[in-house]
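Data first, discussion second: the structure below is written as structure tokens.
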Amino acid sequence: MTKTSIQNENRVMITPEEIKNEMLGASEVSPQIMNLIHDQRLLQIWVPKKYGGLGFRLNQGLQILFDWSKIDGSLGWMLTLCSGANFFSRNLKPEIATTLFSNSKTCFGGSGMIGGTAEKQNDGTFIINGLWHFATGAPHLSHFTLNAKLTEKGIPLLDKFGSEIIRSFVISKNEVEIIPNWKSMGMKATGTFSFKVENVEVSEEYSFVYDDFFTDDVLDKIPFRIFADLTLLVNYLGIASHFSEEAIIIRPNLLLDSFNKMISNELEKTIDFANEIENILNDFETVPPEKQTEIHSFGTDLVEKLSHQILEIYFQLGLRATHKDSAMYQIFCDYFTATQHANFRRDFKQNEFYCESFTDEFR
């Protein structure tokens with residue numbers, strides 16, 4: 001993506017600034033922007049090239065997600081979560097993945113929760129029923145992914161350790177009922193909705209297990225925790241960078257050099273972690289638990305630091321920053337909605353939130 005303009009296959013030019021303007025106040029991503037995304041296969045940055053995807057390295061993909069989060073928080077979040085779901089192309093049998101991703105508009109998305117059951121049939125198919133929440137990009141998905149408990153004659157199937165067996169499935173959008181129930185103050189254009197499935201028959205070929213891969217690539221070996229940490233961090237940094245741009249428009253005399261430098265430095269550290277992880281795996285080594293902990297601690301500290309600094313700047317912007325139709329208000333709401341994701345949330349003791357001398361009415 002260039003800083004001046006973006007061009008799709010139909011030679012339609014659109015600048016990042018035009019995208020920002022179109023996303024201001026939007027409740028969904030427009031067909032024009034979605035066509036641009038599909039033309040550039042941005043939802044398939046992690047899909048291997050042999051399936052028709054871009055097959056980006058981790059550092060390349062993170063830079064793309066940062067760039068789009070800087071344009072708009074909802075766009076960056078949708079691209080991150082949907083491209084992350086398309087990562088599951090690596091868990092599908094090659095013939096199924098090749099067929100699905102030959103289409104540039106193929107886009108997976110869904111829920112990580114266990115929200116239903118998959119009743120095993122005699123012919124090897126499964127009947128899916130259930131309700132799942134927080135499927136980002138729901139209006140734009142070609143297929144929904146879900147996790148379900150396996151049952152047979154209504155009885156849960158157990159593994160050798162006595163635990164219920166969980167399997168993931170891919171279901172066409174035509175067999176899913178979308179429930180548009182997003183009520184949060186921000187990320188309104190992400191299309192993060194619930195969905196319901198009733199008595200849908202699915203072939204075993206469209207099921208998968210997350211840790212079982214049919215591809216042989218370094219990205220397959222990246223621990224999920226690290227992948228989630230790094231992809232979410234570039235979103236927060238991108239939104240923070242957009243926040244800084246808008247803040248200086250509202251108050252040109254604000255001194256934001258140190259804030260901008262921090263964003264730049266922390267983005268560089270995030271990319272450095274990505275390079276380090278790939279180098280470790282390229283040497284046929286496993287990522288040590290200490291490195292995973294280091295990256296997660298870095299992310300947790302960074303989100304806390306960003307949040308405090310954004311608040312400090314916001315307090316200096318005045319009433320213009322509270323106008324509900326303003327870019328600043330939308331960025332602020334997007335950031336503090338996105339950071340409610342449980343990934344980097346600290347566990348605080350109760351007395352860290354208030355003074356013990358407060359009366360019960362203030363607790």
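The values are calculated or read from the model by the stated rules, or taken from the named source; none is laboratory data. The structure presented is a predicted model; accordingly, all values stated were derived computationally and were not measured. Note: accessible area is taken over every heavy atom of the protein model, side chains too, but ligands, DNA and RNA are not part of it. Shrake-Rupley method; radii C 1.70, N 1.55, O 1.52, S 1.80 Å.
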Binned at 10 Å starting from 0, the alpha-carbon pair-distance distribution of region 58-106 in whole percents comes out as 24, 44, 28, 5
Tell me the carbon and sulfur percent of the accessible area for the chain, rounded to whole percent, probe radius 1.4 Å.
51 percent
What percentages make up the Cα-Cα pair-distance distribution of region 55-167 when the bins are 5 Å wide from 0?
2, 10, 16, 18, 20, 14, 9, 6, 4, 1, 0
Once you have the alpha carbon radius of gyration of the chain, what is it after dividing by 2.2 N^0.38 Å, with N set to its residue count?
1.04
Rounded to two decimals, what is the ratio between the C-alpha radius of gyration of region 1-132 and 2.2 N^0.38 Å?
1.20
All-pairs alpha carbon distance profile, region 289-337, 5 Å steps from 0, percent:
4, 19, 21, 19, 12, 10, 7, 5, 3, 1
Probe 1.4 Å, protein heavy atoms only - accessible area per residue of region 67-200 in square angstrom
42 Å²
The relative contact order of region 1-157, taking Cα pairs under 8 Å that sit 6 or more residues apart, comes to a percentage of 17 percent
I need to check one value: relative contact order of region 177-291, counting alpha carbon pairs closer than 8 Å and at least 6 residues apart, in percent.
22 percent
Overall dimensions of region 247-287 as given by Cα atoms, namely Rg and Dmax in Å
17.0, 51
Determine Rg/Rh for region 205-258; Rg is computed over alpha-carbon atoms and Rh is the Kirkwood hydrodynamic estimate from the same atoms.
1.32
Considering only DSSP beta bridges where both residues belong to region 1-147, give the percentage that are antiparallel (nearest 5).
65 percent
Direction-averaged shadow area of the convex hull around the Cα atoms of region 141-210, nm²?
6.6 nm²
Rule-of-thumb Rg ratio for region 74-138 [Cα; 2.2 N^0.38 Å; N residues]:
1.30
What is the mean projected area of the alpha carbon convex hull for region 169-225, to one decimal in square nanometres?
6.3 nm²
Applying the span-like rule to the chain (DSSP H, Cα extent along axis at least 30 Å, Kyte-Doolittle mean at least 0.5) gives 224-250
What Kirkwood Rh does region 105-194 have if only Cα atoms enter the pairwise 1/r average? Answer in Å.
14.1 Å
Give the relative contact order (percent, whole number) for the chain; include only Cα pairs under 8 Å separated by 6+ residues.
17 percent
